[in-house]
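Structure first, commentary second.
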Amino acid sequence: MTESVDQAALQRAAGMVLEQAKRQGATASEAGVSHSTGLSVNVRHGDVETLEYNNDTSLGLTVYFGDSKASASTSDLSEQAIKDAVTAACGIAKHTEADESAGLADKALMARDFPDLSTYHPWGVTAEEAIELATECEQAGFDVDARISNSEGGSVSSHQGERIYANSHGFMGTSTGTRHSVSCTLISEDSKGMQRDYWYDLARDAKDLASAKSIGQRAAENTLSRLNPQTVATGNYPVVFAADIAPSLFGQFISAIRGGALYRQSSFLIDHLGRQIFPEFMHIHEQPHLIKGLGSATFDSEGVATTPRDIIRGGVLQGYVLDSYSARKLNMTTTGNAGGVHNLTVEHSDMSFETMLKQMGTGVLVTETMGMGVNIVTGDYSQGAAGFWVEDGEIQHAVDEFTIAGNLRDMFMGIQAVADNIETRGSTRTGAVWLENMMVAS
């Protein structure tokens, strides 16, 4: 499935926004214009359950009249529709309250270099080929063991898109991206009940995806491993977050150092710049220019150039995560993070996952978390979880429906090691994480 994107049409639309805004008296303006296409298919028991195709275009714009601003959007890129959207935004802006922190990011910070980060790899997969792959993935899972009794399906998706960002500083930048995935969710059953689990792969380039067969087999193995879960006595134990869920732990850290949480005084890490919040061996940094990285970008959503930077070095907080608005609120400078972080990388401890479990000895391996029990204001953490009981460094049995609790301050400082089994299927790259101690309750 491929479809060419008319980059010139997107650029013209962005240019029209800036021209119209200037004509209507705006002191500054910006526009984001995007076009995306995608194909998604889900096959269950060999039958096609869903087949979806999307072809979407959108334009979002913001105009500024001094320190007052307003926004509008449209999916129609015709000249009249764009003029109407600008007119609507200008009419609103003239009546909005001034905010001295509002405005475009500083002109001097705009990106000037646009290296090819290899983020755009259209996949010429047809609907028929996607169905065949999804079927192969699901069937490979069924073939592993007779205890795989049901399925939520094998899935294949392919999406590609292009976005133009332009502003009245004279900046116009293009970002393109593709994301392709294959996944499978299965249900296993024995005399003691049923369990569900899954596996997937995700990449910019379809050539980098694991085979559909191997993904289905891994989904089956994961599902089978969860059969016959047992309980664990409530108490304090060492905990390992598996590599594929460890990014959620660092996601809480990023949430706590975002500018919005900081200037609203709603983070437990207020005024922690330059202070130690992780062990000395921890190094967390952004790598925005990784080739084929899922979080790679040469500029953020305000046109600010992205640069590699340390966020944690020696366990000490080196910088926050700011866009231009929150930076002004804090009397600081944007860190080029409008729209999020770019390939957050947690350096590992040169330790394999197997060695990590052996060194931990006895504790809990968490492979899934559930719920919304994290308070960024206080750092209190409480999540439903599932995983495995580890004893003498070996996985003994599955553990289902338990709770893990602690405080993020203690959890961050209690990190013992990061394994080298790096998870790359997202914009946070980390291995499994071993925490010294958490409350585990059945």
### Task
Answer with yes or no whether THR185 is part of a strand (DSSP E or B), in contact with a helix residue (DSSP H, G or I) (Cβ under 9 Å, 6 or more places away or on another chain), surrounded by fewer than 20 Cβ atoms within 10 Å (Cβ to Cβ) and modelled with pLDDT of 95 or more.
no
### Query
Within region 147-181, restricting attention to residues that are more than 30 Å from SER75 (Cβ to Cβ) and surrounded by 19 or more Cβ atoms within 10 Å (Cβ to Cβ), which residue is farthest from the chain's Cα centre (by Cα)?
ILE148
### Message
Against the definition (in contact with a strand residue (DSSP E or B) (Cβ under 6 Å, 6 or more places away or on another chain), within 25 Å of ASP300 (Cα to Cα) and not charged (D, E, K, R)), how does THR50 come out, yes or no?
### Response
no
### Qualifying residue in region 74-81 (condition: in contact with a helix residue (DSSP H, G or I) (Cβ under 7 Å, 6 or more places away or on another chain), surrounded by 14 or more Cβ atoms within 10 Å (Cβ to Cβ), outside any strand (DSSP E or B) and on the phi < 0 side of the Ramachandran plot)
yes
### Message
If I ask for residues that are surrounded by fewer than 20 Cβ atoms within 10 Å (Cβ to Cβ) and part of a helix (DSSP H, G or I), which ones from region 243-260 would you list?
### Response
SER248, GLY251, GLN252, ILE254, SER255, GLY260
### Summary
Across (1) buried (at least 16 other Cβ atoms within 10 Å of the Cβ); (2) more than 18 Å from the chain's Cα centre (by Cα); (3) closer than 30 Å to ILE312 by Cβ; (4) not assigned by TED's automatic domain parsing to the domain that holds SER324, VAL240 clears everything bar (4)
## Note on the structure
Among the residues of region 301-329, the number that are within 16 Å of SER255 (Cβ to Cβ), part of a loop (DSSP other than H, G, I, E, B) and either assigned by TED's automatic domain parsing to the domain that holds PHE171 or not hydroxyl-bearing (Ser, Thr, Tyr) (or both) is 3
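The rows are residues; the columns are (1) closer than 28 Å to MET194 by Cα; (2) surrounded by fewer than 17 Cβ atoms within 10 Å (Cβ to Cβ).
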| site | (1), (2) |
| --- | --- |
| THR367 | yes, no |
| ASN375 | no, yes |
| GLN383 | yes, no |
| GLY387 | yes, no |
| ILE404 | yes, no |
| ILE422 | no, yes |
| SER427 | no, no |
### Residues of region 136-182 satisfying the condition of being basic (Lys, Arg) and closer than 16 Å to GLN217 by Cβ
ARG147
### Message
Just the residues that are part of a loop (DSSP other than H, G, I, E, B), touching a strand residue (DSSP E or B) at 6+ places or on another chain (Cβ under 8 Å) and surrounded by fewer than 18 Cβ atoms within 10 Å (Cβ to Cβ), please, taken from region 25-47.
### Response
GLY25, THR27, HIS45
## Note on the structure
By residue number, the members of region 351-379 that are out of contact with any strand residue (DSSP E or B) (no Cβ under 6 Å at 6 or more places or on another chain) and of a type in the set (Asp, Glu) are GLU354
### Task
Kindly check whether there is at least one residue in region 204-213 that is in contact with a His (Cβ under 7 Å, 6 or more places away or on another chain), at pLDDT 95 or above and of a type in the set (A, V, I, L, M, F, W, C).
yes
### Summary
For region 395-412, pairs from a residue that is within 13 Å of GLY373 (Cα to Cα) to a residue that is assigned to a strand (DSSP E or B) and among the hydrophobic types (A, V, I, L, M, F, W, C), with Cβ under 6 Å and 6 or more apart or across chains, are THR403/ALA441; ILE404/ALA385; ILE404/MET438; ILE404/VAL440; ALA405/MET439; GLY406/MET438
### Message
Consider region 82-113. How many of its residues are within 27 Å of the chain's Cα centre (by Cα) and surrounded by 14 or more Cβ atoms within 10 Å (Cβ to Cβ)?
### Response
8
### Message
So for region 199-209 (the condition being buried (at least 18 other Cβ atoms within 10 Å of the Cβ), hydroxyl-bearing (Ser, Thr, Tyr), assigned by TED's automatic domain parsing to the domain that holds LEU109 and in contact (Cβ under 8 Å) with a residue 24 or more places away in the chain), does at least one residue qualify?
### Response
yes
### Query
Taking region 117-146, which residues are of a type in the set (Asp, Glu) and either surrounded by 21 or more Cβ atoms within 10 Å (Cβ to Cβ) or not assigned by TED's automatic domain parsing to the domain that holds LEU39 (or both)?
GLU138
### Task
Answer yes if at least one residue in region 261-268 is closer than 27 Å to ILE164 by Cα and either assigned to a loop (DSSP other than H, G, I, E, B) or assigned by TED's automatic domain parsing to the domain that holds ARG429 (or both), and no otherwise.
no
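The values are calculated or read from the model by the stated rules, or taken from the named source; none is laboratory data. Predicted model, so just to flag it, every value in this text is computed and none were measured. Because the Cβ atoms are built from the backbone with ideal geometry, glycine has one as well, and the counts that use them run over all protein chains shown.
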